[in-house]
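Here is the structure we will look at, set down as structure tokens.
Derivation of every value follows stated rules applied to the coordinates shown; laboratory data play no part. Here the structure is a predicted model, which means the values were calculated and not measured. Cβ placement follows ideal geometry from the backbone for every residue including glycine, while neighbour counts extend to all protein chains displayed.
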Amino acid sequence: MVTWKRRLLFGAAAAVAVGIAAFTLMVVKDRTYVTSPAYTLTAEPNGAVAVVYYSRSGHSEAVAREAARLFNAPIARIEADYPRDMTGQRRAASDAKAEKLPHITVEPVDLSPVRRLYLVSPTWMFRPATPLWAYVAQTDLTGKEVVLVTTGNSRFEQSETDAFARAVEARGGHLVQHVFLRRGRIFWQKSREALLQEARIHLSERAPALKP
Ligand SMILES: Cc1cc2nc3c(=O)[nH]c(=O)nc-3n(C[C@H](O)[C@H](O)[C@H](O)COP(=O)(O)O)c2cc1C
């Protein structure tokens, strides 16, 4: 009887310890910005393509920079106030659930010659992160093809991508491709190179041809 109780107590203590370790890892990861090498345009930029992105912890930034590198395209970052701590994470989740658009600032980029715009962001609550929706809401996308690229730990909802496509249409653009890059859950995540390799395959080999 005593042994049985001891086992139960040991099991409960082990479960609590695993829970605390998982929570600590999540907090540490959430506070860490994972840097990637910046991309600078070479002499002959591809005028038909541009990349605009939001990233809270650096993974989408790495993918956006890879897309810019792939197409030799100008790249612009969206800034929004979601600090990398529990407050920022809570705000990100609650804004995403409420579909509340944050105030954003965007690095300057000339979209006038652009025919295909890559929009890159993390997934929050199964949909592109709120700063990307805010960007679409304030941008004239007339005649532009849009490729949505989202990174995530686990999954997205197709209905949310469809809603994003409608938001793009409302601004005059047309969503031609959505690439979801699953990084894997907190304990088992893809390496940076594996993530970028997957991005390259989707953005080049599996991309729809750009209309003339
Ligand atoms: C508030 C919040 C909600 C999230 N919701 C999802 C989700 O619904 N699906 C998913 O796959 N990942 C989700 N994630 C994980 C991020 O999308 C993932 O870690 C992403 O690659 C981070 O990109 P970043 O480093 O560019 O910010 C969520 C993260 C946060 C902070």
Could you check the simple spin-label distance between HIS174 and VAL109, using points 7 Å along Cα→Cβ, in nm with one decimal?
2.1
Can you give me the convex hull volume of the Cα atoms of the stretch 85-212, divided per residue and expressed in Å³?
125
Quick check for me: using +1 on Lys/Arg Cβ and -1 on Asp/Glu Cβ, what's the dipole size of the stretch 68-212 about its Cα centre, in debye to the nearest 20?
400
Run the dipole for the stretch 77-123 about the Cα centre, Lys and Arg Cβ at +1, Asp and Glu Cβ at -1, nothing else charged, and hand back the magnitude in debye, nearest 20.
200
Return one number: the angle in degrees, 0 to 90 and rounded to the nearest 10, between the long axis of the Cα atoms of helix 59-71 and the longest principal axis of the Cα atoms of the chain.
30
Given charges of +1 on the Cβ of Lys and Arg and -1 on the Cβ of Asp and Glu, with all other atoms neutral, how large is the dipole of the stretch 1-151 about its Cα centre, in debye to the nearest 20?
960
P(r) tail fraction, the stretch 1-97 - alpha-carbon pairs more than 15 Å apart, %:
72
Footprinting exposure proxy for ILE78, ILE201 (fewest neighbouring C-beta atoms within 10 Å first)
ILE201, ILE78
With 0.36 nm assigned to each residue of separation and the Cα-Cα distance removed, GLN197 to THR87 gains 36.3 nm
Note, ³J(HN,Hα) from phi for the stretch 198-203, Karplus 6.51, -1.76, 1.60, rounded to Hz, x at Gly and Pro:
4, 4, 4, 4, 5, 7
As I understand it, the value is the acute angle between the Cα axis of helix 2-31 and the longest principal axis of the Cα atoms of the chain; what does it come to in degrees, rounded to 10?
20
For VAL27, VAL179, VAL63, VAL51, ascending order of other Cβ atoms within 10 Å (fewest first) is VAL27, VAL179, VAL51, VAL63
Of TRP133, TRP188, TRP124, the most mobile residue in a GNM of the chain (C-alpha springs, cutoff 10 Å) is TRP188
Can you give the relative contact order of the chain as a percent, counting alpha carbon pairs under 8 Å and 6+ residues apart?
17
Label-point separation (nm) for GLN158 and ARG31, each offset 7 Å from Cα along Cα-to-Cβ?
4.1
Take every Cα pair under 8 Å in the stretch 23-135 that's 6+ residues apart, average their separations, divide by the length, and report that relative contact order as a whole percent.
31
For the stretch 120-195, which trypsin sites (Lys or Arg not before Pro) pass both filters: DSSP loop (anything but H, G, I, E, B) and at most 12 other C-beta atoms within 10 Å?
ARG155, ARG185
What is the spin-label model distance, in nm, from ALA137 to ALA48 if the labels are put 7 Å beyond Cα along the C-beta direction?
3.3
To the nearest 10 degrees, how steep is helix 158-170 against the longest Cα principal axis of the chain, on a 0 to 90 scale?
30
Can you return the aspartates and glutamates within cross-link range of LYS211? Criterion is Cα-Cα under 15 Å, with same-chain partners fewer than 8 residues away left out.
GLU145
Go ahead and set up a Gaussian network model of the chain, Cα springs under 10 Å, then flag whichever of GLU169, GLU44, GLU145 fluctuates most.
GLU44
Of all DSSP beta bridges having both residues in the stretch 72-166, the percent classed as antiparallel (nearest 5) is 40
